[in-house]
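Student: I have a structure here, written as structure tokens, and I will follow up with some questions on it.
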Amino acid sequence: MPAVTLNGEERRLPDGATVADAVRASGIEGEARGVAVAVDGEVLPRGEWRATALDEGRRVEVLHAVQGGC
Amino acid sequence: MAGFEIAGRTFGSRLIIGTGGFRNLETVRTAVEASGAEVATVAMRRVDPSARGSLLEVLTDCGCFVLPNTAGCFTARDAVTTAKLAREALETDWVKLEVIGDDRTLLPDASELLEAAETLVAHGFTVLPYTNDDPVLAQRLEDAGCAAVMPLGSPIGSGMGILNAYNLRLIVEQSRVPVILDAGIGTASDAALAMESGADGVLLASAISRAQDPAAMAAAMRKAVEAGFEARSAGRIPRRLYAQASSPEEGVAELSG
């Protein structure tokens, strides 16, 4: 069970967990429209979420649009 | 009011609304509708599972083009990554670029801003930078390939209006890309003054979102931007030190003596 940092919180994900699993664990359901992911500070395109396994210690940020500006 | 164009895209309204500071999504909706704005900014933040409703749905319902910003970034590197995340999430290569240098005044960090702008333009982004009211920096940003320049009137949320009208005039005079007055607007006359000074548009949020009646202030801002634009186009009279009579000086009756 790799421990990753998901949106600033340490989380244990099942062995073999991918970025797609982390997105679900962050609270996103369904097709995750309007969501973007950075792993260790680099943007990971949506098409690579399912194929990218998460090793111990990875830092995952799952972001979406919120109210903001001026 | 004639529309305007940024990077080949035409907008009917010259008022751009930021969605920060509104109490809830319903207030966003009523204010955006009353403002007539066709562009609305959003920020990128961590997913909050407890959040209700969809901001994107509200803005799409209102017919708004959604413009992500890089608010909260203090380095060029973070701003570039945030812009890339926004592009991934919102499927747009437009970005309102903010790189802040000081958390008390939220003034832009000129060197980081310019570096981020150059990098993002090279990556194919349409970059709209929030900048200091500095004509030299505005020129550098335009030279870097930015699609507009967005000088502040005064610090974000300060409501102090346009503190350096002279600099704004210089920026307007020199710029070949649209100039959008961004930040510091407090009330309708500030927005009108920006447009009278020759700005192509006004971007504001707090003046509406933190007003006692946001929808009513949104309607006022819509009129102010239109009035300022039309007054600018109409050509104002010159300022004079003394009066210039508007009634005929001939034919005045002798009524005493």
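Bear in mind these aren't lab numbers, they're just calculated from the coordinates by the rules spelled out. Being a predicted model, the structure only gives us computed values, none of them experimental. Here the Cβ is made from the backbone with ideal geometry for all residues, glycine too, and neighbour counts use every protein chain on show.
Student: Report, in debye and to the nearest 20, how large the dipole of chain A comes out about its Cα centre when Lys and Arg carry +1 and Asp and Glu carry -1 on their Cβ. All intermediate terms of the calculation are to be shown ahead of the outcome.
Tutor: On the way: 8 positive and 12 negative charges, 39 e Å.
In total the dipole reaches around 180 debye.
Student: Now, a different point. Test of understanding: ordering B:Y166, B:Y130 by Cβ neighbours within 10 Å, fewest first, what list do you get?
Tutor: Fewest-to-most ranking of B:Y166, B:Y130: B:Y166, B:Y130.
Student: For region B:171-205, list residues with backbone N below 16 Å from a point placed 7 Å from the Cα of B:K223 toward its Cβ?
Tutor: B:187-193, by backbone N distance to the label point.
Student: Can I ask one more? Please sort by residue number the trypsin sites (Lys or Arg not before Pro) in region B:1-74 whose DSSP state is loop and whose Cβ has at most 14 other Cβ atoms within 10 Å. Numbers along the way, then the final one.
Tutor: Working: sites: B:R9, B:R14, B:R23, B:R29, B:R45, B:R46, B:R52; in loops: B:R14, B:R23, B:R52.
Loop-located and lightly packed - B:R23, B:R52.
Student: Still on this structure: For region B:107-198, which trypsin sites (Lys or Arg not before Pro) are in a loop by DSSP, counting at most 10 other Cβ atoms within 10 Å?
Tutor: B:R176
Student: Under a Cβ-only charge scheme (Lys and Arg +1, Asp and Glu -1), can you give me the dipole magnitude of the protein assembly as shown about the Cα centre, in debye to the nearest 20?
Tutor: The dipole magnitude comes to about 380 debye.
Student: In a GNM of chain B with a 10 Å cut-off on Cα contacts, which of B:A218, B:A205, B:A165 has the highest mean-square fluctuation?
Tutor: Fluctuation is largest for B:A165.
Student: Could you check the simple spin-label distance between B:Q212 and A:A3, using points 7 Å along Cα→Cβ, in nm with one decimal?
Tutor: 5.4 nm
Student: Same structure again: Rounding to the nearest 20 debye, state how big the charge dipole of region B:11-234 is about its Cα centre with +1 on each Lys and Arg Cβ and -1 on each Asp and Glu Cβ.
Tutor: Once rounded to the nearest 20, the dipole reads 360 debye.
Student: Further question on the same structure: Work out the mean other chain Cβ neighbour count within 10 Å for the residues of B:217-229 and drop it here as an integer.
Tutor: If you average over the peptide's residues, the count of other-chain Cβ atoms is 0.
Student: Looking at region B:11-234 only, what percent of DSSP beta bridges run antiparallel? Nearest 5 please.
Tutor: 5 percent
Student: Continuing with the same structure: What does the structure give for B:79-91 when I average, per residue, the other chain Cβ atoms found within 10 Å of the residue Cβ? Walk me through the intermediate numbers first.
Tutor: Numbers: counts 0, 1, 5, 4, 1, 5, 10, 5, 2, 10, 12, 6, 2.
Mean partner shielding for this stretch: 5.
Student: For region B:93-189, what proportion of DSSP beta bridges, expressed in % and rounded to the nearest 5, is antiparallel?
Tutor: 10 percent
Student: Antiparallel as a % of all DSSP beta bridges within the protein assembly as shown, to the nearest 5?
Tutor: Rounded to the nearest five, the antiparallel share is 50 percent.
Student: While we're on this one: Under the definition of partner shielding as Cβ atoms of other protein chains within 10 Å of a residue Cβ, what is the mean value for peptide A:35-45?
Tutor: 4
Student: If Lys and Arg each add +1 and Asp and Glu each add -1, what is the summed charge of the other residues whose beta carbon sits under 12 Å from the beta carbon of B:G159?
Tutor: 0
Student: What is the local net charge at B:D102, summed over the other residues whose Cβ is closer than 13 Å to its Cβ (Lys, Arg +1; Asp, Glu -1)?
Tutor: Spelling it out: positives minus negatives among the neighbours equals -3.
Student: Now for a separate question. GluC sites (Glu not before Pro) within region B:75-122: which are DSSP loop residues with at most 11 other Cβ atoms inside 10 Å?
Tutor: Of the GluC sites (Glu not before Pro), the ones in loops of region B:75-122 whose Cβ has at most 11 other Cβ atoms within 10 Å are B:E91.
Student: Would you work out which of B:L107, B:A245, B:L255 lies farthest towards the positive end of the dipole of the protein assembly as shown? Charges go on Cβ: Lys and Arg +1, Asp and Glu -1.
Tutor: Projecting each Cα onto the dipole axis, the largest value belongs to B:L255.
Student: Assuming R0 = 51 Å, what is the FRET efficiency of B:T10 and A:E56, from their Cβ-Cβ distance, to the nearest 0.05?
Tutor: FRET efficiency, B:T10 to A:E56: 0.50.
Student: Under a point spin-label approximation (7 Å from Cα along Cα-to-Cβ), what is the B:T75-B:R46 distance to one decimal in nm?
Tutor: Those two pseudo-labels are separated by 1.9 nm.
Student: Which one, B:A144, B:M44, B:L85, is farthest towards the positive end of the dipole of the protein assembly as shown when Lys and Arg carry +1 and Asp and Glu -1 on their Cβ?
Tutor: Projecting each Cα onto the dipole axis, the largest value belongs to B:M44.
Student: Taking the number of other C-beta atoms within 10 Å as the exposure measure, put B:I208, B:I156, B:I171, B:I100 in order starting with the fewest.
Tutor: On the way: B:I208 32, B:I156 24, B:I171 27, B:I100 21.
Ordered from fewest to most neighbouring Cβ atoms within 10 Å, B:I208, B:I156, B:I171, B:I100 come out as B:I100, B:I156, B:I171, B:I208.
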